[in-house]
Structures are given as C-alpha cells and as structure tokens.
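Have a look at the structure below, then the notes.
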Amino acid sequence: MIDPLRQLNYHHLRYFWVVVREGGVTRASEKLRVSQPAVSGQIRALEDALGERLFTRAGRNLELTDAGRVVHRYANEIFSLGRELTDALQGRAGRPLRLTVGIAMVVPKLVTYRFLEPALRLTESVQIQCIEDRPERLLAELAMHNLDLALADTPASPLVKVRAYSHLLGECPVGIFGSAQRVAGLRRGFPGSLEGAPMLLPTEISTLRRSLDEWFDSEGIRPRVVGEFDDSALLGVFGEEDVGLFPGPTVIEDEIQRQYDVVRLGTLRGVRQRFYAISSERRLKHPAVVALTRAARTEMFASRASHQPTGGRRR
C-alpha cells in the first residue's frame, strides 16, 4: 500500500488554497494565470491523493466539505509558515505567537472582542485567528487540535464523545435593549410591559434562548417574537433599526448601547448568561489562553459582580 503522504503534492495544495481564498475556480485561474481546466485538474489530483472530496457544489458555488475545511486550515498554516520562513531569512521580525479560537455563533461579537483583547496587550506578538461555527463543530475541531480554545455560552455537552474541558469565565445578568423611543413607552410596568411587545431573540440552539423562554413562561409574559437569529451581531443590527427589543449581556451593556444606538429598558431578574472557554486539555498551557482567561475572571466579569438585576419576581 502506498503511503498517501508520499503522494501529497504541495503544488496541488496551493491551487486548492487559492481556490478557497479567491472564492472559486474562475477567479483562482485568473490569479494563478492558468486555465480553469488546469486548476480543476490540480484539485482532482489533490482529492485523489487524500482520498477525500474537498468541495461540494451548491448551485453555482463551491462549498468546502468537512474534509475540505480541515485541509484548508492546514494549508493556511503551511503557507503562513512559508511566508514566515522567507521573512526570517530576509531578517524580518520573528514568528508571532499564534492563537486559534473557535467562537460559537451565539456568542456576541462584542463579548468575543472583550475576551480576546488582552492577548493584544501581551509583550510577545500574537496573531489571532477566529473561526465561527456551531458548538458541536467547534468541539470536533478541538478534538483534531485545530483550535487552541473555543468560546461558548454553554459547557461542552457530556453527550459529545470528545475530550473537552469547560472553564467558566464568568456570568452576568441579561438586559433588554431597544430604541429610546420604544423603551420610553415601555418603562412603566416593566417587565409586564413586555406582554405583546415585538422581540428579537436568539434561536433555540442558544442557551440564552432557553433561559428566556423559561423566564417568560414563569412570568406569564408572551412577547411577540418578530425575529430569531443564530448570529448575535445580526440580531443587534435589527434592534438598531427598531424592528424590536432584544436581549444582551450586561457585561457589555455600554458597548451595546453605543454600537447599536439603543438604551437598556431593564434587566430580567433570575436570567443570567454564562460564558465558557472550552479546551482539549484540563490545565490551560498556551500563554495567550492563560492570559485571556485570567483577564476575563479578574477584569471583564469582576467589574459587573455587583450589578443587581431588576424586573420579575424573586425566585
């Protein structure tokens, strides 16, 4: 049997990498200055060598398969190292510390930035790569050591057969935000004023959505759900356009109000949002990861420890 690694041609791998980067065979052929059939032939040769399909067709577009995503991440690393080798030989700066973080789609982008920002303050140069996906896919990437860490709003499920360790970063109350005009008409009688109010919510894959549904049920409040979103940033944009009210963690309350030009109507008593760093190792060792988790616990969430929620019955 022929060792498949001996068949791996890095010329083929580069063609694959350019196709992904350029968004298709046509643009890749223009970039590489070769014909489209030549590019397609190189991709097929790489697939034959690896024994895996790397692309699947979705209409007129090509999408990466699961195997294709893995190969693409390795290709990124390979060609990044190649550039760094050239730079090193030319006397340029040394290789930065690389940090690859998977972000669950439901985690607010502002939380992600606040969490990662301390890495940029390290004395050692750090290069951050963020990969956004569903939690179960991020756990698979952790298992293959393609990620240094994953950031999620829930710990790793024990039902997923992946060795993963969940590190609680912190928790905070959940606020309800909206345009100043809409909020002004709902302040009186909050949270009962949420009855029938237009609401933008995360989808049911989010732990926050399940907590909100339980809270609404317990309070006997039925808001009018006008939108559901996997992407927290898109949810915020709809809120900015005054489509409806929306929830958000108070740990980034100031940033939410500033970025989306909204105000906080109130916070929901008993509803809290938690954030976890998930790793493939019990003890965190990556220097940037250690710095990030320490800053989250001592700076990011500690500053909100005394924030008391309002609205709703005590339970």
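Listing for the model above:
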{"read-out": "Cβ pairs under 8 Å, 6+ apart, first in segment 231-242 and at positive phi, second in a helix (DSSP H, G or I)", "value": "Asp242/Gln181; Asp242/Arg182"}
{"read-out": "Lone unmet requirement of (1) touching an Asp or Glu at 6+ places or on another chain (Cβ under 7 Å); (2) of a type outside the set (Phe, Trp, Tyr); (3) not assigned by TED's automatic domain parsing to the domain that holds Ala156 for Glu241", "value": "(1)"}
{"read-out": "Within segment 126-175, considering residues that are under 17 Å from the mean Cα position of the chain (by Cα) and charged (D, E, K, R), the one nearest to Arg283 (Cα to Cα)", "value": "Asp148"}
{"read-out": "Qualifying positions in segment 236-259 - more than 19 Å from Thr207 (Cβ to Cβ) and either touching a strand residue (DSSP E or B) at 6+ places or on another chain (Cβ under 7 Å) or crowded, with 23+ Cβ neighbours inside 10 Å (or both)", "value": "Phe238, Gly239, Val243, Gly244, Leu245, Glu253, Gln257"}
{"read-out": "Members of segment 273-293 that are without any contact (Cβ under 8 Å) to a residue 60 or more places away in the chain and either crowded, with 23+ Cβ neighbours inside 10 Å or more than 18 Å from Leu97 (Cα to Cα) (or both)", "value": "Arg283"}
{"read-out": "Check on Glu171, assigned to a strand (DSSP E or B) and farther than 23 Å from Glu228 by Cβ", "value": "yes"}
{"read-out": "Some residue of segment 158-165 being among the small types (Gly, Ala, Ser), touching a residue at least 40 places away in the same chain (Cβ under 8 Å) and touching a helix residue (DSSP H, G or I) at 6+ places or on another chain (Cβ under 9 Å)", "value": "yes"}
{"read-out": "Among the candidates Ile278, Ile256, Ile252, Ile221, residue that is among the hydrophobic types (A, V, I, L, M, F, W, C) and assigned to a strand (DSSP E or B)", "value": "Ile278"}
{"read-out": "Unmet requirement for Arg188, which otherwise passes all of (1) under 19 Å from Val262 (Cα atoms); (2) in contact with a Lys or Arg (Cβ under 9 Å, 6 or more places away or on another chain)", "value": "(2)"}
{"read-out": "Per-region count, segment 49-70, residues under 19 Å from Tyr10 (Cα atoms), charged (D, E, K, R) and either modelled with pLDDT under 85 or buried (at least 17 other Cβ atoms within 10 Å of the Cβ) (or both)", "value": "1"}
{"read-out": "Within segment 23-36, tally of residues that are in contact with a Ser or Thr (Cβ under 9 Å, 6 or more places away or on another chain) and part of a helix (DSSP H, G or I)", "value": "3"}
{"read-out": "Residues (without any contact (Cβ under 8 Å) to a residue 60 or more places away in the chain and not charged (D, E, K, R)) located in segment 182-192", "value": "Ala184, Gly185, Gly189, Gly192"}
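Listed here are the residues, each with its yes/no results for (1) modelled with pLDDT of 90 or more; (2) assigned to a helix (DSSP H, G or I); (3) touching a Gly at 6+ places or on another chain (Cβ under 6 Å).
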position	(1), (2), (3)
Gly91	no, no, no
Arg114	yes, yes, no
Thr123	no, no, no
Lys161	no, no, no
His167	yes, no, no
Met199	yes, no, yes
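The values are calculated or read from the model by the stated rules, or taken from the named source; none is laboratory data. Note that the coordinates shown come from a computational prediction; the quantities given were computed from them, not determined experimentally. Please note: Cβ atoms are built from the backbone with ideal geometry, for glycine as well, and neighbour counts cover all protein chains shown.
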